[in-house]
Each structure stands twice: as C-alpha cells, then as structure tokens.
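These notes concern the structure reproduced below.
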Amino acid sequence: KEKEGDYYQKEIESLQELEEKFTRLWTECQRCQGARLEDVLCTNRDCTIFYMRRKVQKDLADQNRVISRFTVPPLNW
C-alpha cells in the first residue's frame, strides 16, 4: 500500500507512451489515406502500420483496465 503511488505513476507513464505511439501511427495512417481530418478507414492486411496500430489499440485498452484497478482519491485544490 505504501508504494501504490509509485506503481500508479509507472502505469500512467506506460499509458502515456502507448498513447503517443498510437498517435504517431494514426497520423501515419491519415497521411497514407490522404485525409488528415477524417477517421482512418484502412483495412489493408498487408500494411505493417495497420497491425502495429491495432496492437497498440489493444494494449491501450489493457493498460486502461490496469489503471482502473487503482483507487485514486480526487484532488482537493
């Protein structure tokens, strides 16, 4: 219990890294599609970026589940 804050911070940092990776991959897919302001509609099974993006998307969902297990009290400013 005394190190819960340290573990929570580590999990948040992992989440941020995954979010940044997903953003880079998403942007690359938008460039490939030629439309940066629209959702990516790619289903190209030969594209390695497509699979990396899907894997990171799954990893993000898993990481969010891990973080949701922590009980963090609200901040009182």
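Inspect region 55-66 for any residue being assigned to a helix (DSSP H, G or I), modelled with pLDDT under 90, among the small types (Gly, Ala, Ser) and surrounded by fewer than 13 Cβ atoms within 10 Å (Cβ to Cβ) and give the result as yes or no.
No, every residue in region 55-66 fails to be assigned to a helix (DSSP H, G or I), modelled with pLDDT under 90, among the small types (Gly, Ala, Ser) and surrounded by fewer than 13 Cβ atoms within 10 Å (Cβ to Cβ).
Restricting attention to region 1-21, and to residues there that are surrounded by 12 or more Cβ atoms within 10 Å (Cβ to Cβ) and not charged (D, E, K, R), which single residue is farthest from SER68 (Cα to Cα)?
Across region 1-21, the extreme among qualifying residues is LEU18.
Would you mention how many residues in region 22-41 are outside any helix (DSSP H, G or I), surrounded by fewer than 14 Cβ atoms within 10 Å (Cβ to Cβ) and not acidic (Asp, Glu)?
Count: 5.
Can you tell me which residues in region 42-54 are basic (Lys, Arg) and open to solvent by 70 Å² or more (accessible area, probe 1.4 Å)?
Passing the criteria: ARG45, ARG54.
Being in contact with a helix residue (DSSP H, G or I) (Cβ under 7 Å, 6 or more places away or on another chain) and modelled with pLDDT under 90 is true for just one of CYS42, CYS32, CYS47. Which residue is that?
CYS42
Would you point out which residue out of GLU20, GLU4 is of a type in the set (Asp, Glu) and under 18 Å from the mean Cα position of the chain (by Cα)?
Sole residue among the options that is of a type in the set (Asp, Glu) and under 18 Å from the mean Cα position of the chain (by Cα): GLU20.
The values are calculated or read from the model by the stated rules, or taken from the named source; none is laboratory data. Since the model is a prediction, treat every value here as computed from it, not as a measurement. Here Cβ is always computed from backbone atoms with ideal geometry, including for glycine, and neighbour counts include all displayed protein chains. Only protein heavy atoms, including side chains, enter the accessible area calculation; ligands, DNA and RNA are left aside. Shrake-Rupley method; radii C 1.70, N 1.55, O 1.52, S 1.80 Å.
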